[in-house]
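Read through the structure below, which is laid out as structure tokens, and then see the notes.
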Amino acid sequence: MTRTIINHFILLLFFFTAAFTCMAQEICNNGVDDDHDGLVDLHDPDCQCRFKVTDNLLKNGSFEQYDHCPVTFTYSNDFKIASYWQYGTYTNEADFYHNLQCSFDSTLIKLHMPPALPLPDGKAFVSILNSAYINPIPEKQMAKGYVGQCLQSPLKAGEQYTLSFYAGRFRSWDNYTGKIFPFTVAVFGHADCNAVPFGKLNVSGNGCPTDYPGWVLLGKAKITSNGAWIQSKINFTAPSEINVLEIGTDSTILPPIIDLTDSTTFLDYHVYYLDDLHLLPTKDFPFEYIHVQTGTGCSGNGSPVLVAPVYANATYQWYKDSIAINGATGNLYQLPELTEKNYYNVLISLPGKCIISEPFSVMQDVLKKLNFPTDTIFCNNSSILLAPAIDGITYSINGATSSEVIINKPGFYSITATNVFGCQRIFNINVAEQKCSNCELFIPNAFTPNGDGLNDILKGKPSCPVSEFDFFIFNRWGDKIFESHNSNNGWDGNYLGEKLSTGVYVYFINYKTTEQITKTVKGTVTLIR
């Protein structure tokens, strides 16, 4: 009896603590966790602005159209209850709920996990289960829930899409600990509609879609909900033609928890609800975007200025990585010196509504560090990589857009490098081709060791295997400043730990082919800082 009283007292203490915590209201622009839930400013669902989406590539995105109430909860009888949707796996870890009138709804959901009302859209929703076990079992035997839909028209390879949805968890282990645990909503794709459902009948679980051939994870979002519907979205690029989607939990194996005596938390901890799903090309979504004020941040004019959409009678608050920036309350925000990758948002408050812009990514600008030689050569029947892909930089090569600069034909090239702020640099390069037969050696006539990942190392590249290799660099006074006996090693432009200045240097390379033919190559190379 005493133990029962103590247990009840502890439970009441948990609820009292949770209630006391909820008394504080999160303030969304002060960089402080006001309600003590571990979430600050835009990280907190309390600071969310909801957006309205009308069009949809998904049919019956709110699950309102349905055939009947769930009856047997076995795949063979109830796998297609909601129109256009079906369970993603044979083991039914997802369930449809309609109007909260079906018998299973009233006896289980209303008792243990009633959703917040009103529902985001209509009177129907689905539940997603992600199980965990005290004794770990193989991933393919975990019980995980998904709902699937064969699309009316395929998603196009390379095109960006956005899936928006409402999700929530309404009674869980969180309620007893006072700590809010996030859950994950993921979207998977496949080219074949017959891939749904995946797995086998009459097993304890079938794992996640990517355990099976052809399925790819398109994207996922982490959601934090403590008794409220949270609106969120997943942005992704279709890697190939996608004809069917599955939406549910990701492939993470959850840690086990201790069940309570009332048997409500073991499953509740791993169940969440979904409603009001919309899928559209990202360009068609009703989002607001930050842009850069023309001419700022280029040619030494200081750091770039971000511009928020302009609304009459609006107030603004800017955020860096979802934390409020003190004093940044206009529709313009001048970025500080860029030293790392960050995301910026702006919260626009209007009478009766609010808008949060899409994140704008900024990072340390490497545009000023880029350097290309004015002339270079490459071996025939091959190519030369002048610039690898760099985050935040795009290239235009004689008018053709590319993420990297690869040259495979001789000629004149005009290369325009553009950063995320629209600033540009133009490089004009003459590229010549040389015949590299009979184990000839290729070495460029210029390199730029400035740490930007482009032409930083000077190497001599024989066009065949070699048995001996000697590589020397001399300055203009004849002093040897570099030596290597490995064709994979090159000169980084330094000598005795010091960076050498821009200038012309002499190289001498002696190597022996596998046929014991000795070859010598010498010439000059220009170091460009």
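The values are calculated or read from the model by the stated rules, or taken from the named source; none is laboratory data. Every value quoted in this text rests on a predicted model; they were computed, and no experiment measured them. Counting neighbours? That spans all protein chains shown, and the Cβs are built from the backbone with ideal geometry, glycine included.
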*With the condition kept exactly as written, say whether any residue in segment 392-404 is among the aromatic types (F, W, Y), at pLDDT 80 or above and outside any loop (DSSP other than H, G, I, E, B).*
yes
*asked:* Only one of L279, L306 is part of a strand (DSSP E or B) and over 25 Å from V32 (Cβ atoms). Can you tell me which?
replied: L279
*Which listed residue is under 39 Å from the mean Cα position of the chain (by Cα), surrounded by fewer than 16 Cβ atoms within 10 Å (Cβ to Cβ) and either touching a residue at least 60 places away in the same chain (Cβ under 8 Å) or not assigned by TED's automatic domain parsing to the domain that holds L385 (or both), from K480, K499*: K499
_Checking S251 against (1) of a type in the set (G, A, S); (2) surrounded by fewer than 20 Cβ atoms within 10 Å (Cβ to Cβ); (3) in contact with a Lys or Arg (Cβ under 7 Å, 6 or more places away or on another chain), the condition it does not meet_ = (3)
*Residues of segment 261-281 being buried (at least 16 other Cβ atoms within 10 Å of the Cβ) and modelled with pLDDT of 85 or more, which ones?*
Y272, Y273, L274, D275, D276, L277, H278, L279, L280
_Filter result for P449 (in contact with a Ser or Thr (Cβ under 6 Å, 6 or more places away or on another chain), assigned to a loop (DSSP other than H, G, I, E, B), outside the structural domain of I390 (by TED's automatic domain parsing) and crowded, with 16+ Cβ neighbours inside 10 Å)_ = no
*For segment 295-318, what are the residues that are among the aromatic types (F, W, Y), over 27 Å from K368 (Cβ atoms) and either loosely packed, with under 13 Cβ neighbours inside 10 Å or within 27 Å of the chain's Cα centre (by Cα) (or both)?*
Y316
*Could you grab me the full set of residues in segment 187-212 that are modelled with pLDDT of 95 or more and over 13 Å from G148 (Cβ atoms)?*
A191
_I need the full set of residues from segment 324-340 which are under 20 Å from A312 (Cα atoms) and either polar (S, T, N, Q) or in contact (Cβ under 8 Å) with a residue 60 or more places away in the chain (or both), in order please._
T329, N331
